[in-house]
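Visitor: Have a look at the structure that comes next, please.
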Amino acid sequence: DRKIQVINQICYGTSNPASSSQSYGGVARNIAENLGKLGCEPSLLTVIGEDKDGEGLMHHTKEFVDLSPSKIMHNEVTGTYTAILDEDGEMAIALADMSIYDKVNIDFIEKRWGYFSSSRVVVVDTNFPSDVLHYIIERCNKEKIAICITPVSSPKIKKLPQKLEGVTWIIANHDEAEALANMKIKNDDDFQTAAKKILKKGVENVIITRGSQGLLYMNIAGTTGTILPPKIHVEDVTGAGDSLVSGFIYAHLNGYSLEEACKIGMSCSALTLQSQETVSPDLNDIKLLQAFA
């Protein structure tokens, strides 16, 4: 992850004074590191380039995550994500070089399926090719493996199958929910309508994050609700959605209800929002549960 924040209001077509920083990122990797810091035992299945970025990424991540399912790919470049932040720390635009993930195929997944079948929960982002995502979703459904999808971005929604039977949770932001439901979301009623449309695709639980408005959750059993976020000073928004997913999965693994898991997820996100790092260096299960309380 590379973050560049302008000092004043962004002016297009010219140079802008800015400050920059670099940290270890990647949606699935961020979630795995967060879960490792929370005391879980995550494994990460991904591909990494044979370069300095990949070397540093693996060296940092192995402290918290089992990387044995992952593979270093020769003559490939490690995926990068560059976020341009406005003067308030909000993302103005992001640029992603994720071409390495196009090299992942179904055979790659099949050879590592033992990691999926032995997991209590599988978390999937949408960086892998469409046929690979279809295969993972269908096989998890067939083998009754709980699966959580975090879509990464609205353009990558089209990689997912139209029918999502067997998907236990989808955790999406405003734009991703619009793409999933194929509608514009302009008010509270629209959020409810979008969640219902996503459930009709076969998903068991839908969580839609709404930034400063908190989140909405809904499931096929009819449980629904909204949760407002705590009032905090935001240092940086990058990684906040990933940490919400991490907190949610941590809570589920520890037996919390859907509503409680959403609250714990939001508490985890709040801790990350107060940090300048994509993954909060101070995160642990004790601090998370204190924030939740």
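The values are calculated or read from the model by the stated rules, or taken from the named source; none is laboratory data. Computed from a predicted structure; not experimentally measured. For neighbour counting, all protein chains shown are included, and Cβ atoms are generated from backbone atoms with ideal geometry for every residue, glycine included. Note: areas computed on protein heavy atoms with side chains; ligands, DNA, RNA excluded. Shrake-Rupley method; radii C 1.70, N 1.55, O 1.52, S 1.80 Å.
Visitor: Residue under question is Lys200, and the condition is that it be of a type outside the set (Gly, Ala, Ser), farther than 24 Å from Lys263 by Cα and touching a Gly at 6+ places or on another chain (Cβ under 7 Å); does it hold?
Guide: no
Visitor: Only one of (1) on the phi < 0 side of the Ramachandran plot; (2) modelled with pLDDT under 95 is not met by Pro17, so which one is it?
Guide: Tallying (1) on the phi < 0 side of the Ramachandran plot; (2) modelled with pLDDT under 95, Pro17 fails exactly one: (2).
Visitor: All but one of (1) under 18 Å from Leu164 (Cβ atoms); (2) buried (at least 21 other Cβ atoms within 10 Å of the Cβ) hold for Ile220, so report the exception by its number.
Guide: Tallying (1) under 18 Å from Leu164 (Cβ atoms); (2) buried (at least 21 other Cβ atoms within 10 Å of the Cβ), Ile220 fails exactly one: (2).
Visitor: Consider Leu45 against the criteria (1) touching a residue at least 40 places away in the same chain (Cβ under 8 Å); (2) among the hydrophobic types (A, V, I, L, M, F, W, C); (3) over 21 Å from Thr78 (Cα atoms); (4) assigned to a loop (DSSP other than H, G, I, E, B): it satisfies all of them except one. Which criterion is unmet?
Guide: Unmet for Leu45, out of (1) touching a residue at least 40 places away in the same chain (Cβ under 8 Å); (2) among the hydrophobic types (A, V, I, L, M, F, W, C); (3) over 21 Å from Thr78 (Cα atoms); (4) assigned to a loop (DSSP other than H, G, I, E, B): (3).
Visitor: What number of residues in the stretch 150-172 are surrounded by fewer than 21 Cβ atoms within 10 Å (Cβ to Cβ) and on the phi > 0 side of the Ramachandran plot?
Guide: Of the residues in that region, 1 qualify.
Visitor: Hey, another quick one. Of the residues Tyr256, Tyr250, which is open to solvent by 10 Å² or more (accessible area, probe 1.4 Å), of a type in the set (Phe, Trp, Tyr), at pLDDT 95 or above and assigned to a helix (DSSP H, G or I)? I'd like the intermediate steps shown before the answer.
Guide: Working: Tyr256 fails: assigned to a helix (DSSP H, G or I).
Going through Tyr256, Tyr250 in turn, just one is open to solvent by 10 Å² or more (accessible area, probe 1.4 Å), of a type in the set (Phe, Trp, Tyr), at pLDDT 95 or above and assigned to a helix (DSSP H, G or I): Tyr250.
Visitor: Using beta carbons and a limit of 7 Å, which pairs, at least six apart or on different chains, have the first residue in the stretch 107-133 and of a type in the set (D, E, K, R) and the second one surrounded by fewer than 19 Cβ atoms within 10 Å (Cβ to Cβ) and part of a loop (DSSP other than H, G, I, E, B)?
Guide: Correct list of pairs: Arg112/Pro69; Arg120/Ala146.
Visitor: Evaluate the stretch 215-235: report whether one residue or more is part of a helix (DSSP H, G or I) and touching a helix residue (DSSP H, G or I) at 6+ places or on another chain (Cβ under 8 Å).
Guide: no
Visitor: How many residues are surrounded by fewer than 18 Cβ atoms within 10 Å (Cβ to Cβ) and in contact (Cβ under 8 Å) with a residue 40 or more places away in the chain when one looks only at the stretch 259-276?
Guide: 3
Visitor: On the given criteria, is Ile48 touching a Gly at 6+ places or on another chain (Cβ under 6 Å) and open to solvent by less than 40 Å² (accessible area, probe 1.4 Å)?
Guide: Details: touching a Gly at 6+ places or on another chain (Cβ under 6 Å): yes; open to solvent by less than 40 Å² (accessible area, probe 1.4 Å): yes.
Taking the combined requirement at face value, the residue satisfies it.
Visitor: Kindly provide the set of residues from the stretch 1-45 that are of a type in the set (D, E, K, R) and open to solvent by 20 Å² or more (accessible area, probe 1.4 Å), ordered by number.
Guide: Selection gives Asp1, Arg2, Lys37, Glu41.
Visitor: If only one of Ala240, Ala194 is modelled with pLDDT under 95, among the small types (Gly, Ala, Ser) and open to solvent by less than 20 Å² (accessible area, probe 1.4 Å), which one is it?
Guide: After ruling out the rest, the residue left standing is Ala240.
Visitor: Still on this structure, I have one more. Given the criterion without any contact (Cβ under 8 Å) to a residue 40 or more places away in the chain, within 29 Å of Gly255 (Cβ to Cβ) and touching a Ser or Thr at 6+ places or on another chain (Cβ under 9 Å), identify the matching residue among Glu138, Glu165, Glu143.
Guide: Exactly one of Glu138, Glu165, Glu143 is without any contact (Cβ under 8 Å) to a residue 40 or more places away in the chain, within 29 Å of Gly255 (Cβ to Cβ) and touching a Ser or Thr at 6+ places or on another chain (Cβ under 9 Å), namely Glu143.
Visitor: For the stretch 277-293, give me the residue count where each residue is surrounded by 13 or more Cβ atoms within 10 Å (Cβ to Cβ) and in a helix (DSSP H, G or I).
Guide: 6
Visitor: Has the stretch 123-132 got any residue that is more than 25 Å from Gly247 (Cβ to Cβ), more than 13 Å from the chain's Cα centre (by Cα) and open to solvent by 50 Å² or more (accessible area, probe 1.4 Å)?
Guide: There is at least one residue in the stretch 123-132 that is more than 25 Å from Gly247 (Cβ to Cβ), more than 13 Å from the chain's Cα centre (by Cα) and open to solvent by 50 Å² or more (accessible area, probe 1.4 Å).
Visitor: Between Ile145, Ile171, Ile136, which is part of a loop (DSSP other than H, G, I, E, B) and either modelled with pLDDT of 95 or more or closer than 24 Å to Leu215 by Cα (or both)?
Guide: Criteria check complete, one pass: Ile145.
Visitor: Tell me which residues, restricted to the stretch 78-116, are open to solvent by less than 40 Å² (accessible area, probe 1.4 Å) and in a helix (DSSP H, G or I).
Guide: Ile100, Tyr101, Phe108, Ile109, Trp113, Phe116
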